[in-house]
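Here's the structure, in structure tokens; my notes come after.
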Amino acid sequence: MSEETVPPTAGAGQPKGLLQQMEELMAALNADLSDLKIEAGFSPEESQDA
């Protein structure tokens, strides 16, 4: 059996949907970008995307 046919599993052994994985990755990316903006000296108001 190849890795492509085995669905990824969550901590409890339940398969994760692609949408859930993407939402988790986007949330982590947004948090990282927010931290970088703060470190760069932008205020929270300046860092809002228009």
Worksheet item: Looking only at residues in the range 22-50 that are surrounded by 10 or more Cβ atoms within 10 Å (Cβ to Cβ), out of contact with any Pro (no Cβ under 9 Å at 6 or more places or on another chain) and polar (S, T, N, Q), which one is modelled with the lowest pLDDT?
Response: SER47
Worksheet item: Being modelled with pLDDT under 60, of a type in the set (Ser, Thr, Tyr), out of contact with any helix residue (DSSP H, G or I) (no Cβ under 8 Å at 6 or more places or on another chain) and exposed (fewer than 10 other Cβ atoms within 10 Å of the Cβ), is that true of even one residue in the range 1-21?
Response: yes
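The values are calculated or read from the model by the stated rules, or taken from the named source; none is laboratory data. Computed from a predicted model, the values in this text were never measured in an experiment. Positions of Cβ are generated from backbone atoms using ideal geometry, with glycine treated the same way; all protein chains shown enter the neighbour counts.
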